[in-house]
Amino acid sequence: MKKVLNKMTVAAAVTLFAIGCSKDDNGYGNTPTPLPTVNAVVVSASGDSTGIVAKLNEFRVLSGDPINTAPGAVLGRREVNWDGVPASLTNNNNFPFDFFGSADPAAANGRKRGLIYTNTGTSFRVDSTDFSEIDAAYSSQFEAFSRKRLFAYMGDNGSEVTFKVAGTNTNAFVKGFGVIFSDVDDANSTSIEYFAGTKSLGVYKAKTAPQGFSFLGISFPDEKVTRVKITSGNGVLGTGIKDISDGGAKDLVVMDDFIYDEPKQSN
């Protein structure tokens with residue numbers, strides 16, 4: 001009888017271990033389904049520039065009008081399309097992490113949008129050449145939705161964003177956040193994970209659109225989003241690194257417009 005009980009105990013332990021290991025850890029590249037207890041409004045589309053505009057506008061309405069261009073707003077939304085980035089910060093890997101989250105009173109209002117990129121050890125690049133200066137093959141791979149600049153996190157396919165009340169250093173939250181991706185080939189490569197503090201609100205996948213655009217935006221009526229983790233493809237740009245559609249082994253994906261409602265002060 002003792003041997004039988006031991007076998008049952010071991011079997012139960014193995015079962016529990018297997019269940020535990022079946023859960024994703026929400027790291028870059030993992031794509032668990034959204035948590036069932038979260039009330040989320042998913043707005044997603046893929047195609048050419050005209051094919052995603054209806055869903056893009058739907059998310060704009062959901063995020064609020066008007067587009068705010070100065071600090072002090074409570075309602076409305078913010079948009080980042082990279083096209084106002086100066087030449088000195090374009091086509092090189094020196095884009096400041098707080099460029100659109102400045103709290104400097106002397107900074108232009110265009111830099112006070114309450115968006116902070118997390119420094120996780122590599123650099124950001126705003127590019128007006130479709131990244132062809134990195135590899136000439138990229139000129140036919142990527143296309144900008146809003147002409148002419150695109151955005152990528154160099155050295156990693158995962159990037160993170162947090163929020164501030166526009167023009168200040170005050171921590172903030174949003175109710176929703178969306179991204180336009182360029183050239184999503186793999187249905188499991190590109191996603192956005194949303195957090196309310198340390199609580200994950202789920203990982204949501206972008207639809208595929210080879211050499212086209214994928215828009216993904218999620219709004220949470222009952223949550224306060226304080227951080228988002230963006231996974232852009234499953235590889236990083238580099239000389240000689242080819243995309244799947246060009247015979248390579250990785251799905252290379254870059255970003256264009258960000259859309260989110262006006263950041264509000266966290267409690």
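Considering the conditions (1) more than 10 Å from the chain's Cα centre (by Cα); (2) under 19 Å from residue 100 (Cα atoms), residue 255 is excluded by exactly one of them, (1). May I ask you to verify whether residue 187 is modelled with pLDDT of 95 or more, touching an Asp or Glu at 6+ places or on another chain (Cβ under 8 Å) and not in a strand (DSSP E or B)? Answer is no for this residue.
Per-residue answers, yes or no, for (1) outside any strand (DSSP E or B); (2) surrounded by fewer than 17 Cβ atoms within 10 Å (Cβ to Cβ):
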site	(1), (2)
60	yes, no
65	yes, yes
74	yes, yes
78	no, no
84	yes, yes
88	yes, yes
93	no, yes
98	yes, yes
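Could you tell me whether the stretch 100-119 includes any residue that is assigned to a strand (DSSP E or B) and touching a Leu at 6+ places or on another chain (Cβ under 8 Å)?
yes
The requirement of being on the phi < 0 side of the Ramachandran plot, in contact (Cβ under 8 Å) with a residue 60 or more places away in the chain and within 16 Å of the chain's Cα centre (by Cα) is fulfilled nowhere in the stretch 83-105; no residue meets it.
Mind checking which residues of the stretch 120-144 are within 15 Å of residue 245 (Cβ to Cβ) and assigned to a helix (DSSP H, G or I)? Result: 137, 138, 139, 140.
Being of a type outside the set (A, V, I, L, M, F, W, C), within 28 Å of residue 68 (Cβ to Cβ) and buried (at least 23 other Cβ atoms within 10 Å of the Cβ) is the filter here, so list the residues in the stretch 126-152 that pass it. Correct list: 127 only. Looking for something within 14 Å of the chain's Cα centre (by Cα) and under 23 Å from residue 75 (Cα atoms) - is there at least one such residue anywhere in the stretch 227-242? Within the stretch 227-242, one or more residues are within 14 Å of the chain's Cα centre (by Cα) and under 23 Å from residue 75 (Cα atoms). Applying the selection to the stretch 182-193, what residues are in contact (Cβ under 8 Å) with a residue 60 or more places away in the chain and over 16 Å from residue 244 (Cβ atoms)? Those that are in contact (Cβ under 8 Å) with a residue 60 or more places away in the chain and over 16 Å from residue 244 (Cβ atoms): 191, 193. Candidates in the stretch 162-207 are the residues that are over 15 Å from the mean Cα position of the chain (by Cα) and among the polar types (S, T, N, Q); of these, the one that is surrounded by the fewest Cβ atoms within 10 Å (Cβ to Cβ) is 198. Checking each residue of the stretch 119-131 against the condition of being β-branched (Val, Ile, Thr), closer than 30 Å to residue 211 by Cβ and touching a helix residue (DSSP H, G or I) at 6+ places or on another chain (Cβ under 9 Å) gives at least one match. Would a scan of the stretch 156-163 turn up a residue that is assigned to a loop (DSSP other than H, G, I, E, B) and of a type in the set (Ser, Thr, Tyr)? Within the stretch 156-163, none of the residues are assigned to a loop (DSSP other than H, G, I, E, B) and of a type in the set (Ser, Thr, Tyr).
The values are calculated or read from the model by the stated rules, or taken from the named source; none is laboratory data. A quick note: this is a predicted structure, and the numbers were derived from the prediction, not measured. As a convention, Cβ positions derive from the backbone with ideal geometry for all residues, glycine included, and neighbour counts pool all protein chains shown.
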